[in-house]
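Asker: Next up is a structure, given as structure tokens.
The values are calculated or read from the model by the stated rules, or taken from the named source; none is laboratory data. From a predicted model like this one, the values you see are computed outputs, not experimental measurements. Glycine also receives a Cβ, built like all others from the backbone with ideal geometry; neighbour counts cover every protein chain displayed.
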């Protein structure tokens, strides 16, 4: 459906490339519905990011720009989907009294997604140490044993992860 707003660079890009992007995503995902959602999410990400929106009028290769943003949207989707599937699988193995309401499930999943985003880019061992400590309640010695590292490495990992998360929290607008 063509964008009927004024002739902004984003509206022009949407009208010229939305169909192409959706077909490109459909080849990647194998699902037309998922491709349609991801195409919309790609344009939404561009619209909500001032740095992306400012670049549109200066682009020489808009499809390269779109595929870069779409890949990031797709990777986020795949990560969120995998996290949700792992959570639902873990939930299946819980005893009956621990069954969580749909509302609580949604809140827990959203929190897990936020934690996953916060830990992105920290490295596997740093993220694992942080999660083992805060989600499983393991002590540093237990984490060191599980990860095959020294306790001092675990202390460094925890300091790095904590600092990273605190910095991200202060960067977020209130």
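Asker: Using the structure shown, decide if residue 122 is in contact (Cβ under 8 Å) with a residue 40 or more places away in the chain and buried (at least 17 other Cβ atoms within 10 Å of the Cβ).
Answerer: Yes: the conditions hold for residue 122.
Asker: On to the next question. Within the group 91, 112, which residue is in a helix (DSSP H, G or I), farther than 28 Å from residue 48 by Cβ and either within 18 Å of the chain's Cα centre (by Cα) or modelled with pLDDT under 80 (or both)?
Answerer: Numbers: 112 fails: farther than 28 Å from residue 48 by Cβ.
Result of the check over 91, 112: 91.
Asker: Something else about it: Which members of the stretch 124-161 meet the condition of being at positive phi and modelled with pLDDT under 85?
Answerer: In the first step, residues of the stretch 124-161 are kept if they are at positive phi; the result is 137, 148.
Answer for the stretch 124-161, where residues must be at positive phi and modelled with pLDDT under 85: just 137.
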